[in-house]
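A short write-up of the structure that comes next.
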Amino acid sequence: MVGFALAANVPFALLVERFGYDVLREPPLQVLEAFRAGGPELIVIWLAFTLCALAFLWVSGWTGEAIRSGGGRWPAWAAAAGAASAVAQAIGLSRWSFAVPGLADRALDGSPMESAVAIGTYQALHQFAGVAIGEWLGQTLLAAWTVAVGLVLVRGPLARGMWTRGLGVVALILSPLWIVGQVELLATVDPAFPEFQITQWVFTAWLVWLLALGVTWIVQGEAK
């Protein structure tokens, strides 16, 4: 948990600095221009972020083992949600390293027809692989996994002390906020939907929560 939280923060911070997440909601051609301006370094950063997302498979599996060894119950749906979230987010993020570079070149350097086809392809790929699979499905499944961990911390055998229970409460608060934040994804389809713009902040808070939980379990394990 600690390693994942720290590692994921590195490419995430670099992306915000060099590319910016707000640009993803801009017109496709503007996004592709900003992407190509980032050069090969930006492709590598996106790939690192993809690998970090996929690494949550290990975190999810390890969490289940830790909970079961502590006498807690780890439902099958929680394990499946954590693993599926890792795969879904990795699929969505991988487009930036393997599909978008070529689309950006054709959109910016190709003929008017090639440019139009590339922009249309990018937009469809962005909405389906990125928004639908990576963001909506991946983060919804991650919120479900977080709910399961929160319930274990609040009422399970691992609920040791106010601090641990407090982390459980934080998990149960962050999860519905995450779901509410997903409404902004519908705004990419129809502007009539509101844009809460809280998903990035919830994700940052979730990483801090995961780091705190990992450190807490390390301390509790050493204190045995």
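Values computed for the structure shown
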read-out: Dimensionless Rg over Rh [the chain; C-alpha; Kirkwood]; value: 1.03
read-out: Farthest toward positive dipole pole in the chain [+1 Lys/Arg, -1 Asp/Glu at C-beta], among Ala7, Val202, Gly166; value: Gly166
read-out: CD proxy at 222 nm, helix term only [per DSSP H run n ≥ 4: -39500 (n - 2.57); per residue of the chain; nearest 500]; value: -25500 deg cm²/dmol
read-out: In Hz, Karplus ³J(HN,Hα) per residue of segment 151-157 (6.51, -1.76, 1.60; θ = phi - 60°; x = Gly, Pro); value: 5, 5, 6, 7, 10, x, x
read-out: Per-residue ³J(HN,Hα) for segment 49-62, Karplus 6.51 cos²θ - 1.76 cosθ + 1.60, θ = phi - 60°, Hz, x for Gly and Pro; value: 5, 4, 5, 4, 4, 5, 5, 5, 3, 5, 4, 4, x, 5
read-out: Largest to smallest principal axis extent of the C-alpha atoms in segment 64-119, angstrom; value: 63, 15, 9
read-out: Between helix 112-125 and the chain: long-axis angle, C-alpha atoms, 0 to 90°, nearest 10; value: 10
read-out: Inter-part distance where segment 62-96 and segment 1-29 are each reduced to a Cα centre, Å; value: 22
read-out: Per residue value of the accessible surface for segment 104-224 (all protein chains in place, 1.4 Å probe), Å²; value: 51
read-out: Summed residue charge, Cβ within 14 Å of Leu103's Cβ, Lys/Arg positive, Asp/Glu negative; value: -1
read-out: Under Karplus coefficients 6.51, -1.76 and 1.60, residue-wise ³J(HN,Hα) of segment 134-140 in Hz, glycine/proline x; value: x, 7, 5, 5, x, 6, 5
read-out: Val31, Val208, reordered so the largest accessible area comes first (probe 1.4 Å); value: Val208, Val31
read-out: The chain - percent of accessible surface contributed by carbon and sulfur, probe 1.4 Å; value: 70
read-out: Dipole magnitude of the chain, debye to nearest 20 (Cβ charges: Lys/Arg +1, Asp/Glu -1, about Cα centre); value: 1080
read-out: With all protein chains modelled, accessible area of Ile91 [1.4 Å, Å²]; value: 80
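The values are calculated or read from the model by the stated rules, or taken from the named source; none is laboratory data. Treat the numbers as computed from the prediction; the structure is a model and nothing was measured. Note that we place each Cβ from the backbone using ideal geometry, even for glycine, and neighbour counts take in every protein chain shown. Note: areas computed on protein heavy atoms with side chains; ligands, DNA, RNA excluded. Shrake-Rupley method; radii C 1.70, N 1.55, O 1.52, S 1.80 Å.
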